[in-house]
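Input: a single structure, listed below in structure tokens.
The values are calculated or read from the model by the stated rules, or taken from the named source; none is laboratory data. These numbers come from a predicted model, not from an experiment. Cβ sites come from the backbone with ideal geometry, for glycine too, and all protein chains shown count toward neighbours. Quick note on the areas: whole protein, heavy atoms, side chains included, nothing else; ligands and nucleic acids left out. Shrake-Rupley method; radii C 1.70, N 1.55, O 1.52, S 1.80 Å.
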Amino acid sequence: MSISEADAANRLMRLAKEIARHNRLYHDRDAPEITDADYDALVRENAAIETVFPHLVRADSPSRAVGAAPSSPLAKVAHARPMLSLENAFSGEEVAEFIARVRRFLSLAPQEPVALTAEPKIDGLSCSLRYEDGALVLAATRGDGAIGEDVTPNARTIADIPQRIAGAPALIEVRGEVYMAKADFAALNQRQAESGGKIFANPRNAAAGSLRQKDASITAARPLRFLAHGWGELSEPLGHTQGSAMARLAGFGFPVSNLLRMVGSVEEALAQYAAIEQARADLPFDIDGVVYKVDRLDWQERLGQVARAPRWGLAHKFPAERAETTLEAIDIQVGRTGKLTPVGRLTPVGVGGVMVANVTLHNRDEIARLGLRVGDRVRIQRAGDVIPQVVENLTRDEPRAAYSFPDHCPECASEAVAEEGEVDVRCTGGLICPAQRIERLKHFVSRAAMDIEGLGEKTIVEFAELDWLHAPADIFRLNTHRSDLLGREGWKEKSVDNLLAAIDAKREPEPARFLFGLGIRHVGIVTAKDLLRCFGTIERLREVAIGDNAQGELSSVEGVGPVVAEALVDFFHEPHNRAALDDLLSEVRPQPFQSQAQQTEWSGKTIVFTGSLETMSRDEAKAQAERLGARAAGSVSAKTDLVVAGPGAGSKLKKAAELGIRVINEAEWAQIVAEA
Ligand code: IVH
């Protein structure tokens with residue numbers, strides 16, 4: 001690449017801003033201005049320059065971003081009742097299994113029928129409408145299910161949503177889907193094209209973009225519709241069954257689906273699914289499946305929910321939409337924890353109304369399973385909101401060399417390895433890998449590690465952007481930028497001096513915190529202590545880790561297993577990491593390791609805490625055990641010497657009894673600690 005360093009830095013700055021703007025347009029405003037392919041070209045140009053000038057990678061580089069951060073200007077509102085999602089099914093067997101599960105859960109007699117409602121699953125965005133004494137007082141989007149966005153003024157502009165309702169409970173939240181009809185969507189895009197406005201990718205994006213507007217007059221000009229499918233908080237029940245409750249919602253003036261039917265068996269459920277699928281193309285709006293709900297509300301109550309979906313409901317999705325195209329390239333993205341993710345770049349192709357140019361290829365094994373190589377024809381599929389993926393390689397029999405997954409990180413050229421039994425390949429560059437830099441630096445200065453006051457994420461990002469921070473050692477050289485820093489907005493003499501003093505105060509760190517701060521995989525603070533208790537210094541630990549019998553020696557350390565041993569070997573094996581550590585050790589001098597443990601009758605013993613502890617946190621209990629020279633372990637085994645059990649202790653207590661291990665309660669433990 002013939003581009004000067006200064007031009008490269010300049011171009012990277014512009015690309016970061018431009019790509020961020022397109023991300024916002026796409027994710028926050030549902031209004032992409034460029035095609036996926038053009039967007040991709042920008043991202044690739046950015047990556048190409050970064051490969052040639054790795055030291056110029058910006059803190060805000062698009063190669064490091066994980067999608068766009070939500071930056072909605074709408075106010076947040078907590079839902080009175082969480083807005084749940086639904087479990088998905090893709091086959092008749094899964095529907096049968098759902099009904100069987102309901103029967104088992106309720107212990108129903110074989111002859112007892114389970115009635116369900118079946119209705120279309122609308123492809124829109126869910127909205128909760130709160131009415132108090134008949135008046136609409138709040139409309140909120142689903143958000144993360146617990147907290148949504150206040151779209152009350154916007155919802156008031158939707159004709160399907162009544163402002164006032166009569167005959168309803170004093171408090172009622174009606175939930176349903178805001179959507180845009182297919183014809184209205186096409187007409188809107190046509191108008192937008194004529195006026196040079198934004199073009200929406202599909203009706204769902206158009207509905208979301210139209211509802212989530214700060215200025216409700218924009219929403220008012222968009223043809224949004226609403227269809228009720230349930231409810232949230234209620235001051236009194238709507239009825240005994242889902243069907244009758246839905247009929248009441250219709251009576252209050254809410255649109256409900258005219259395809260809602262009662263079904264009494266798996267066969268009837270699947271027949272209604274087939275009927276709705278048949279009607280799909282002629283429906284005025286997009287649907288992506290059929291939703292079944294247990295009709296009896298007392299049963300719904302008993303069934304409750306698992307995680308974020310009710311046990312009484314199921315979304316039976318239509319098969320995913322598929323298309324064929326060519327795999328043009330396989331790019332590797334490096335995540336913040338160093339994970340290498342392959343991304344397939346495709347000749348853009350329409351799949352179910354959306355242009356797809358990228359697919360996730362998941363990991364190395366997935367590429368091998370599909371036998372994928374650049375140039376292959378592939379069948380891809382897109383199901384609902386799921387990221388498109390390759391389902392089949394159509395030219396795998398063509399004789400061409402297999403794709404070889406990189407064994408070095410494309411960001412920093414460090415070795416990339418997969419741990420035994422793991423499919424993910426990770427960059428071992430840790431401290432020097434730009435993709436991991438900010439996260440690593442954040443970890444290094446965090447409370448549990450070096451605990452450098454005043455050096456938070458914002459400051460780290462600021463300094464990294466200024467190119468002052470690459471590796472942890474640079475933190476201790478920030479004093480060389482004192483005068484530059486004083487010239488920057490938000491920095492005064494006092495704040496600069498405080499920060500530099502806080503950094504200086506950590507020049508002789510406690511060694512376990514220092515080791516933990518290096519961010520070696522699987523090395524938490526307890527493991528760091530175990531290692532130092534055995535090896536005394538980090539220098540000695542490093543010698544062992546690069547020695548001949550590293551794996552054996554390391555995994556023989558009390559509390560360290562083969563997984564940690566391998567992570568240590570990988571880390572210290574990498575010259576970049578050794579150099580970064582040397583650099584760091586030229587700035588700081590860790591104190592000698594002092595086991596805080598006292599010599600007590602518990603020295604060397606293993607203690608397990610189980611059940612809920614009432615006077616202390618689990619971390620504190622662990623620390624107490626360590627002070628007595630004991631180890632706190634997570635599970636009970638023959639090696640356990642003592643179990644401290646609080647209320648609610650379960651299987652660990654049982655196991656301790658089986659193994660004849662001494663069990664005491666929290667008060668007895670407190671006494672041991674006090675007397676030691
Ligand atoms: S019932 C507790 N019924 O699908 C479950 N949801 O995948 C509440 N959806 O978040 C939802 N049509 O936004 C239900 N007829 C329908 C639906 C429907 C579309 C959406 C809804 C929900 C998502 C779950």
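Does at least one position in segment 158-177 carry a residue that is of a type in the set (Val, Ile, Thr) and outside any loop (DSSP other than H, G, I, E, B)? Quick ask: steps written out before the conclusion?
Our first condition is that a residue be of a type in the set (Val, Ile, Thr); within segment 158-177, this holds for 158, 161, 165, 172, 174.
From the residues that got through so far, the ones that are outside any loop (DSSP other than H, G, I, E, B) too are 172, 174.
Yes; the residues of segment 158-177 include at least one that is of a type in the set (Val, Ile, Thr) and outside any loop (DSSP other than H, G, I, E, B).
Looking only at segment 274-310, which residues are open to solvent by less than 80 Å² (accessible area, probe 1.4 Å), of a type outside the set (D, E, K, R) and near the ligand (Cβ under 9 Å from one of its atoms)?
Correct list: ILE287, GLY289, VAL290, VAL291, ALA309, PRO310.
Can you say whether VAL663 is within 34 Å of the chain's Cα centre (by Cα), crowded, with 17+ Cβ neighbours inside 10 Å and either of a type outside the set (Phe, Trp, Tyr) or farther than 21 Å from GLY536 by Cα (or both), as far as the supplied structure shows? Break it down into steps so the answer makes sense when it comes.
Working: within 34 Å of the chain's Cα centre (by Cα): no; crowded, with 17+ Cβ neighbours inside 10 Å: yes; either of a type outside the set (Phe, Trp, Tyr) or farther than 21 Å from GLY536 by Cα (or both): yes.
Judged against the criteria, VAL663 is not a match.
So SER244 ticks every box in (1) within 16 Å of the ligand (Cβ to nearest atom); (2) open to solvent by less than 60 Å² (accessible area, probe 1.4 Å); (3) under 21 Å from ILE122 (Cα atoms); (4) not in a loop (DSSP other than H, G, I, E, B) but one. Which box is left unticked?
Every listed condition holds for SER244 apart from (1).
Tell me the residue from ARG477, ARG540, ARG482 that is within 30 Å of GLY634 (Cβ to Cβ), out of contact with any Lys or Arg (no Cβ under 9 Å at 6 or more places or on another chain) and open to solvent by 10 Å² or more (accessible area, probe 1.4 Å), please. Quick ask: steps written out before the conclusion?
Values: ARG477 fails: within 30 Å of GLY634 (Cβ to Cβ); ARG482 fails: within 30 Å of GLY634 (Cβ to Cβ).
Result: ARG540 is the single residue among ARG477, ARG540, ARG482 that is within 30 Å of GLY634 (Cβ to Cβ), out of contact with any Lys or Arg (no Cβ under 9 Å at 6 or more places or on another chain) and open to solvent by 10 Å² or more (accessible area, probe 1.4 Å).
Please enumerate the residues belonging to segment 78-111 that are small (Gly, Ala, Ser) and within 16 Å of the ligand (Cβ to nearest atom). First the steps, then the outcome.
So in segment 78-111, the residues small (Gly, Ala, Ser) come out as 78, 80, 85, 89, 91-92, 96, 100, 107, 109.
Once the filter is applied, which keeps residues that are small (Gly, Ala, Ser) and within 16 Å of the ligand (Cβ to nearest atom), segment 78-111 yields ALA80, SER85, ALA89.
Of the residues GLY143, GLY176, GLY148, which is under 21 Å from PHE285 (Cα atoms), of a type in the set (Gly, Ala, Ser) and under 29 Å from the mean Cα position of the chain (by Cα)?
On the way: GLY143 fails: under 21 Å from PHE285 (Cα atoms); GLY148 fails: under 21 Å from PHE285 (Cα atoms).
Only one candidate passes the filter, namely GLY176.
Can you give me the ranges of the strands (runs of 3 or more DSSP E) entirely in segment 552-649 with at least 2 residues that are within 30 Å of GLY421 (Cα to Cα) and of a type in the set (Val, Ile, Thr)?
Details: elements: 606-610, 631-633, 642-645.
Result: 606-610.
So, of the residues in segment 256-272 that are in contact with a helix residue (DSSP H, G or I) (Cβ under 8 Å, 6 or more places away or on another chain) and surrounded by 15 or more Cβ atoms within 10 Å (Cβ to Cβ), which turns out to be farthest from VAL102 (Cα to Cα)?
Here the residue is VAL256.
Would segment 77-92 turn up any residue that is modelled with pLDDT under 80, within 30 Å of LEU234 (Cα to Cα) and loosely packed, with under 13 Cβ neighbours inside 10 Å? Before you say what the answer is, go through the steps one by one.
Step one: filter segment 77-92 for residues modelled with pLDDT under 80, giving none.
Checking segment 77-92: not a single residue is modelled with pLDDT under 80, within 30 Å of LEU234 (Cα to Cα) and loosely packed, with under 13 Cβ neighbours inside 10 Å.
Return yes or no: is ALA625 closer than 20 Å to GLY559 by Cβ, among the aliphatic types (A, V, I, L, M) and free of Cβ contacts under 8 Å to residues at least 40 places away in the same chain? Break it down into steps so the answer makes sense when it comes.
Values: closer than 20 Å to GLY559 by Cβ: yes; among the aliphatic types (A, V, I, L, M): yes; free of Cβ contacts under 8 Å to residues at least 40 places away in the same chain: yes.
Yes; evaluated as a whole, the condition is true for this residue.
Looking only at segment 291-309, how many residues end up being basic (Lys, Arg) and either assigned to a strand (DSSP E or B) or under 25 Å from ALA271 (Cα atoms) (or both)?
Quick first cut of segment 291-309, residues basic (Lys, Arg) only: 293, 296, 302, 308.
When the remaining residues are screened for being either assigned to a strand (DSSP E or B) or under 25 Å from ALA271 (Cα atoms) (or both), the result is 293, 296.
Residues flagged as basic (Lys, Arg) and either assigned to a strand (DSSP E or B) or under 25 Å from ALA271 (Cα atoms) (or both) within segment 291-309 amount to 2.
If you take the residues of segment 45-76 that are open to solvent by less than 40 Å² (accessible area, probe 1.4 Å) and more than 30 Å from GLY429 (Cα to Cα), which of them is modelled with the highest pLDDT?
LEU74
Restricting attention to segment 516-536, does a residue exist that is modelled with pLDDT of 95 or more and within 30 Å of VAL557 (Cβ to Cβ)? Explain how you work it out, then say what you get.
Filtering segment 516-536 for residues modelled with pLDDT of 95 or more gives none.
No, that holds for no residue.
So, in segment 312-324, of the ones that are open to solvent by 20 Å² or more (accessible area, probe 1.4 Å) and more than 10 Å from the ligand (Cβ to nearest atom), which residue ends up farthest from ALA247 (Cα to Cα)?
As a first pass, look at segment 312-324 and keep what is open to solvent by 20 Å² or more (accessible area, probe 1.4 Å): 312, 317, 319-322, 324.
With more than 10 Å from the ligand (Cβ to nearest atom) added as a condition, the list becomes 319-322, 324.
Working: PRO319: 30, ALA320: 32, GLU321: 33, ARG322: 37, GLU324: 44 Å.
Top of the filtered list is GLU324.
GLU439: at pLDDT below 95 and open to solvent by 10 Å² or more (accessible area, probe 1.4 Å), yes or no?
yes
Here are the criteria: (1) more than 34 Å from the chain's Cα centre (by Cα); (2) at pLDDT 90 or above; (3) of a type outside the set (Val, Ile, Thr). Tell me which single one PRO592 does not satisfy.
(2)
Of the residues that sit in segment 489-530 and are on the phi > 0 side of the Ramachandran plot and surrounded by fewer than 21 Cβ atoms within 10 Å (Cβ to Cβ), which one is nearest to the chain's Cα centre (by Cα)? First the steps, then the outcome.
Filtering segment 489-530 for residues on the phi > 0 side of the Ramachandran plot gives 490, 519, 522.
From what's left, surrounded by fewer than 21 Cβ atoms within 10 Å (Cβ to Cβ): 490, 522.
Values: GLY490: 32, HIS522: 20 Å.
If we take residues in segment 489-530 being on the phi > 0 side of the Ramachandran plot and surrounded by fewer than 21 Cβ atoms within 10 Å (Cβ to Cβ), then HIS522 is nearest to the chain's Cα centre (by Cα).
Pick from segment 160-192 the residues that are out of contact with any strand residue (DSSP E or B) (no Cβ under 8 Å at 6 or more places or on another chain) and among the aliphatic types (A, V, I, L, M): which of them is nearest to the ligand (Cβ to nearest atom)?
Restricting to residues being out of contact with any strand residue (DSSP E or B) (no Cβ under 8 Å at 6 or more places or on another chain) and among the aliphatic types (A, V, I, L, M), the top hit is ALA183.
Tell me the residue from GLN389, GLN333, GLN305, GLN381 that is among the polar types (S, T, N, Q) and within 30 Å of GLN242 (Cβ to Cβ), please. Can you show your working first?
Values: GLN389 fails: within 30 Å of GLN242 (Cβ to Cβ); GLN333 fails: within 30 Å of GLN242 (Cβ to Cβ); GLN381 fails: within 30 Å of GLN242 (Cβ to Cβ).
Result of the check over GLN389, GLN333, GLN305, GLN381: GLN305.
Find the residue count for segment 188-234, including only residues that are within 26 Å of LYS293 (Cα to Cα) and charged (D, E, K, R).
Here the count works out to 3.
Condition (residue is in contact with a Leu (Cβ under 6 Å, 6 or more places away or on another chain) and over 25 Å from ALA402 (Cα atoms)) applied to segment 327-347: is it met by at least one residue?
Scanning segment 327-347, I find no residue that is in contact with a Leu (Cβ under 6 Å, 6 or more places away or on another chain) and over 25 Å from ALA402 (Cα atoms), so the answer is no.
Kindly indicate the residue of segment 115-157 that is polar (S, T, N, Q) and not in a strand (DSSP E or B) and also nearest to the ligand (Cβ to nearest atom) among those meeting that condition. Give the steps one after another, and end with the answer.
The initial filter retains those residues of segment 115-157 that are polar (S, T, N, Q), namely 117, 126, 128, 141, 152, 154, 157.
So of that shortlist, the ones also not in a strand (DSSP E or B) come out as 152, 154, 157.
Values: THR152: 18, ASN154: 17, THR157: 20 Å.
Residue satisfying both the conditions and the ranking: ASN154.
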